[in-house]
Structures are given as structure tokens and as C-alpha cells.
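S.K.: Here you go, one structure.
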Amino acid sequence: MTDHPTGTPATEAVFIPGAPPPATLPADVWRGISRENPVLVQMLGLCPAMAVTNSLANGLAMGAATMLVLLGSELFVSLFRKAIPGEVRITSYVLIIATFVTVVDLALAASFPDISKALGPFMPLIVVNCMILGRAEAFASKVRPVRAMADAIGMGLGFTMALAAVSGVRELLGSGSLLGVDLFGPSWEPWVFMVMPPGGFLTLGVIMLGLAWVTDLRRSRAKAVA
Amino acid sequence: MTAGHQHGGPAAAAQRSGTPAWRLIATLAIAGAMSGWLIASVYRVTLPAIERHAAERESAAIFEVLKAPASWDTLYLVGDALTRTAPETRGGPKIPKVFEGFDASGNRIGVAITAGEPGFQDVVTLMIGFEPESGALTGFTVLEQKETPGLGDKIERDSAFTGQFAGRTPPLLGVKDRAGATPSEVQTITGATISSRAVIRIINNAVARWSPLIAAWDQGGAK
């Protein structure tokens, strides 16, 4: 596994411009959760991150549904990466993504009708979640299916965790509950504002601010040590 | 980047000008056919479960608004009269339905209808139960709403609001306080006035629309 001068992944048979550098599978998974978290770092998929995160159950369901779509799409984009001509690749990716969104939507409606009802109009909108098209174009179309799946799991988990963080804070403050379980009793006056759209912007902003602050702190500490 | 990569992936292919048109068309045609086949298969597998959930939701709503009927019948609106037989409508528009609820000894205890009209954000759809003879409501339940979480969605969750409709006689009048001075007054929710009024308007319009139809059906005799 050498052949590094150009940074070409040794496992790929041919050179592909802009291919991601070689990495172990755990590293492919971990990247989506941490350093390249789709919501908190890449700032992709912000629409669902704010629209459906007014309760933890909705946030988790949206995260899981998006992850399933991501898995199916990245797998198929990677499998057919040599068969799809470059001129029609975006069209083909959108077709693959839309197919999996429909499949997941139907499966959800059949198995978890309540969650499906709560997500309602936001399910079909996963098609235009730029995180998924982004991963298909930037990663899955340039690597073997195994790496694409690892990436999908990492990005999916990272997306779900970001949504869970936002929706957890919003449900706790906006409804005084978590997963529908009342935590503060009847004397708690819920901050209705938090479950409305502005609460989404505020929560996401505060979480990103906190994350940036922690990153900054760690960087300056590392510098002080060095 | 560089020309001459014969076996490149998609990005490299984009560099070579001129993939033959038939290959582009063939790729999209095959992808479209596979996608269509997959969706059709999943649709066929999931359809029974999805229809069962919808029927369960409808039954639960009828059961709730008619206060636990022992049984119920479905009437269909065809033209401008009610009929007991469902007309053939494969894939056509949904036919408006009335559910007649009966107690254990077969007496009608009320009818349930569904109706939807715009609320604050989107259409609010209700299942409404009332007694056609007296005109009094037996209750209502929200089938679908997308009102503001925490405010407008109280029309579904606030039992002080939903509980006051049973026994009231439409046309209802929404008031901010002192509800109950007359049998048609209901108290609106503070902070959700528009959503509350939407509920009241939907109930008033639905009862006004359906009462004569049901009266005509009753006149026609219990055939």
C-alpha cells in the first residue's frame, strides 16, 4: 500500500482526479462523526437540522432515515461508478438518491406510522439534502463500495448525532420533556419559542459556537505544549 | 486533467469529450427502469400495512368522536345524496363519507364526518361527531394539522379546549372568556386564536353542509 508521491490510493486501479486519500475503514467512519461532521463542520443538510428538530424523537427519526438513504445511495453510486458516464453522473446520482428516499419513506410509513406522520413533508425533501449528493460526488463515486459504506455510516451517524443534540436541547427547553417524557413537572413554563423555527437557528448557532470555542481552546493548548 | 486515461472513473470520463449519446441515453434509461422497478416492488410490499394503519387511524377517530359506538356503518356521498353502496372509483378522487354510529341495541347515537379547511399554516382536518336529531356535537378529533408547535397544536392537545365541544350545538361561537353562557359558546385558546377559530369554522361549515344531507337520507327511510 505505497505509491504515495501523488497521494493516489494504492487500492484503486486507476488514477481518479480528486480522489480521497487512502484511509483505514475506521478512519473513514470516524471522519463523518468528528472532523468532517456534515452539519456542525461542513454545514450541509441544515434544512432538516432545523425544520424537524423540535422534538428528540423527530430528530432521531430524521437522522436514521437520512442514514439509510445515504447508505443505499453511496453503495449504488460506488458500485456503478465505472458504468456511469461523467456527463450524466449528477442526474444518475439524484435518481439513485430519489429512489432510496421513496423506498425509505414507504418502509417508514408501513412500519412506524406515527413517526412517518410527524416527519410528513420533510421525508421527500431528503432528496435535496446536499449532504447526500455531496458525499456521492466527492467520495462514493471515487472509491470502492466498502469505503463508500464506511463513509455513509460515519456521515449518517454524525448527521444523526448533530440532529439529536439540536432536538434534545429544543425539546428539553421548549416542551420540558425528552422523548415525550415530562421531566420538569407542571410548574415548568415551556419556552415555546424553542420549538418554533427561531429556536432551531438559535440552538444550532449556540452548539456551533460552543464547538468552535472548544476546538480553539484545544488548538491553543496544543500550541502552548509545543 | 490529463488526456488519455482510457479506463477512468466518472470524473475522468468527463474530461474526455464525447461519450457517445447512445451510452448516455442507455445509462439513464437503465437507471430509470431499475429505479422504477425497485419503487414499484417496495410499494406493493408496503401497501397493505400502510392501508391498515390508515384504517386503524380512521377507526380510532370514529370511536373517539362518537363516544365508543358498538358498531358503525359507512354512507357515501354520490351526486348530492347519500347511499350505502360504495361507488366504483379506482384511482379517482376520494368520495366524501359519513359514518353512522350505533349503540349495542342498534339505535343511532350519532354520525361522524371528516372536514378540512385552512388553519393558521396549512389545512386542518377534523373528524367531527354530532347527533343529527338534536344537532348537538358529540366531540371532535384532529386527523391532521401542521399548526405552530406549542401554540396552535393545542387544538389537538389541550383537553380543556377539546373537551368543551361535546354537547354544544353549532353554529358555535368562539369567545375569549365566559364560555358557556349559551349552548353554542366555546372558549378559544389564548395564543392560538386563529387555530381555535379555524376549528370552530370547520365544525360549523361541516355540520351546516352535512345536516341536510343526513336529514334527506333519514327521510328517504331506513331502507
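S.K.: When you go through B:I155, B:I214, B:I109, B:I200 one by one, which is the residue that is open to solvent by less than 30 Å² (accessible area, probe 1.4 Å) and farther than 26 Å from A:P190 by Cβ?
M.R.: B:I214
S.K.: Can I ask one more? Taking the options A:T91, A:T99, name whichever one is free of Cβ contacts under 8 Å to residues at least 40 places away in the same chain, open to solvent by 40 Å² or more (accessible area, probe 1.4 Å), assigned to a helix (DSSP H, G or I) and of a type outside the set (F, W, Y).
M.R.: Numbers: A:T99 fails: open to solvent by 40 Å² or more (accessible area, probe 1.4 Å).
After ruling out the rest, the residue left standing is A:T91.
S.K.: Anything in region A:149-198 that is within 14 Å of chain B (Cβ to nearest Cβ) and not in a helix (DSSP H, G or I)? List them, or say none. Explain how you work it out, then say what you get.
M.R.: Restricting attention to region A:149-198, the residues satisfying the condition of being within 14 Å of chain B (Cβ to nearest Cβ) are A:167, A:170-177, A:180, A:182, A:186, A:188-198.
Selection gives A:G176, A:S177, A:G180, A:D182, A:P186, A:W188, A:E189, A:P190, A:W191, A:M196.
S.K.: Enumerate the pairs (first residue in region A:75-88 and within 9 Å of chain B (Cβ to nearest Cβ); second residue anywhere and in a loop (DSSP other than H, G, I, E, B) and modelled with pLDDT under 95) with beta-carbon separation below 7 Å, excluding pairs fewer than 6 apart on the same chain, so at least 6 apart or on different chains.
M.R.: A:R81/B:G9; A:K82/B:G9; A:P85/B:T19; A:E87/B:T19
S.K.: Let me ask something additional. Sort through A:L25, A:L70 and tell me the only one that's more than 13 Å from chain B (Cβ to nearest Cβ), open to solvent by less than 10 Å² (accessible area, probe 1.4 Å) and over 30 Å from B:T148 (Cβ atoms).
M.R.: Selected residue: A:L70, the only one of A:L25, A:L70 that is more than 13 Å from chain B (Cβ to nearest Cβ), open to solvent by less than 10 Å² (accessible area, probe 1.4 Å) and over 30 Å from B:T148 (Cβ atoms).
S.K.: Just the residues that are among the small types (G, A, S) and open to solvent by 60 Å² or more (accessible area, probe 1.4 Å), please, taken from region A:167-211.
M.R.: A:G180, A:S187
S.K.: Sticking with this structure for a sec: For B:D177, all conditions in the list (1) farther than 27 Å from A:G200 by Cβ; (2) among the charged types (D, E, K, R); (3) buried (at least 17 other Cβ atoms within 10 Å of the Cβ) hold save one; what is the number of the exception?
M.R.: So B:D177 meets the others, but not (3).
S.K.: Quick one: which residue in A:T99, A:T53 is in contact with a Gly (Cβ under 9 Å, 6 or more places away or on another chain), more than 10 Å from chain B (Cβ to nearest Cβ) and of a type in the set (S, T, Y)?
M.R.: Answer to the selection: A:T53.
S.K.: Taking the condition assigned to a loop (DSSP other than H, G, I, E, B) and more than 14 Å from chain A (Cβ to nearest Cβ), does B:E100 pass? Spell out the reasoning first.
M.R.: Values: assigned to a loop (DSSP other than H, G, I, E, B): no; more than 14 Å from chain A (Cβ to nearest Cβ): yes.
Judged against the criteria, B:E100 is not a match.
S.K.: Next question. For residues in region A:129-147 being among the hydrophobic types (A, V, I, L, M, F, W, C) and over 27 Å from A:A51 (Cβ atoms), which is nearest to the other protein chains (Cβ to nearest Cβ)?
M.R.: This residue is A:V143.
S.K.: One residue is enough: does region A:129-139 have a residue meeting the conditions surrounded by fewer than 23 Cβ atoms within 10 Å (Cβ to Cβ), touching a residue at least 12 places away in the same chain (Cβ under 8 Å) and over 25 Å from A:P26 (Cα atoms)?
M.R.: no
S.K.: Let me ask something else. Kindly state which helices (runs of 4 or more DSSP H) lie completely within region B:114-223 and contain at least 1 residues that are touching a residue at least 60 places away in the same chain (Cβ under 8 Å).
M.R.: Fully inside region B:114-223 and qualifying: B:193-219.
The values are calculated or read from the model by the stated rules, or taken from the named source; none is laboratory data. Only a predicted model underlies this, so the values are computations on that prediction, with no experimental measurement involved. All Cβ positions, glycine included, derive from the backbone under ideal geometry; neighbour counts span all protein chains shown. Areas reflect the complete protein model, heavy atoms only, side chains present, ligands, DNA and RNA absent. Shrake-Rupley method; radii C 1.70, N 1.55, O 1.52, S 1.80 Å.
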